[in-house]
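Beneath this line is the structure, given in structure tokens, with notes to follow.
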Amino acid sequence: MDYCEALEKVLKSDIVWIEAQSCSGESINILKGGCKSLEDLFFNSSPFKLYSTMCREKCGKEYLDELLSQKDFILVVEGAIPKGKDQLCYVGDMTCTELISTLAEKAKAIVAVGSCAVNGGIIRELGYTGVSEFLGRKVYEVPGCPASDKMMIATLYYALTGGKS
């Protein structure tokens, strides 16, 4: 299976992608991957859900409620988690930490993409942390600034298939 086929399978899966404190580097890296109809899949496919600064019309309270009602999905977090600084990162009327904690309880797997999501990245010194440390549980991690689009898709594909190809 080539990269574009794996990406299409990933984007047609039950995935909730949340952007915390991030520069959107990982989202942008995937979008510039060169696959046919990628933007349509990334922004409009169902059941793939994106909540980001890049999410266009899919950002309101109704969409947030839809995200919170999801079950049996892979949670992807892009960006660092503000530790004790919740007021700096809101998604709708929830802080990033509230949203990520709530979704993590229902997710069948969690993937942290990019150095900020893995370990707090460059803003770790300002009191930010990675997803695994914040949640206190194991997550799949794809480090890099930005993380490699190929590694992100390979990791998501691995998580979706339970390690089977």
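Derivation of every value follows stated rules applied to the coordinates shown; laboratory data play no part. Every value quoted in this text rests on a predicted model; they were computed, and no experiment measured them. Note: ideal-geometry Cβ built from the backbone for every residue, glycine included; neighbour counts use all protein chains shown.
Miscellaneous remarks
- Condition met for TYR158 (surrounded by fewer than 20 Cβ atoms within 10 Å (Cβ to Cβ) and aromatic (Phe, Trp, Tyr)): yes
- Matching residues in segment 73-97 - criterion: being among the charged types (D, E, K, R) and under 15 Å from the mean Cα position of the chain (by Cα): GLU78
- Scanning segment 105-113 turns up no residue that is under 17 Å from SER22 (Cα atoms), of a type outside the set (Asp, Glu) and either over 15 Å from the mean Cα position of the chain (by Cα) or loosely packed, with under 15 Cβ neighbours inside 10 Å (or both).
- Complete set of residues in segment 4-27 that are surrounded by fewer than 16 Cβ atoms within 10 Å (Cβ to Cβ) and either touching a helix residue (DSSP H, G or I) at 6+ places or on another chain (Cβ under 6 Å) or without any contact (Cβ under 8 Å) to a residue 12 or more places away in the chain (or both): GLU5
- Subset of segment 119-165 [at positive phi and part of a helix (DSSP H, G or I)]: GLY121
- Residue within segment 76-83 that is in contact with a Gly (Cβ under 6 Å, 6 or more places away or on another chain) and hydrophobic (A, V, I, L, M, F, W, C) present: yes
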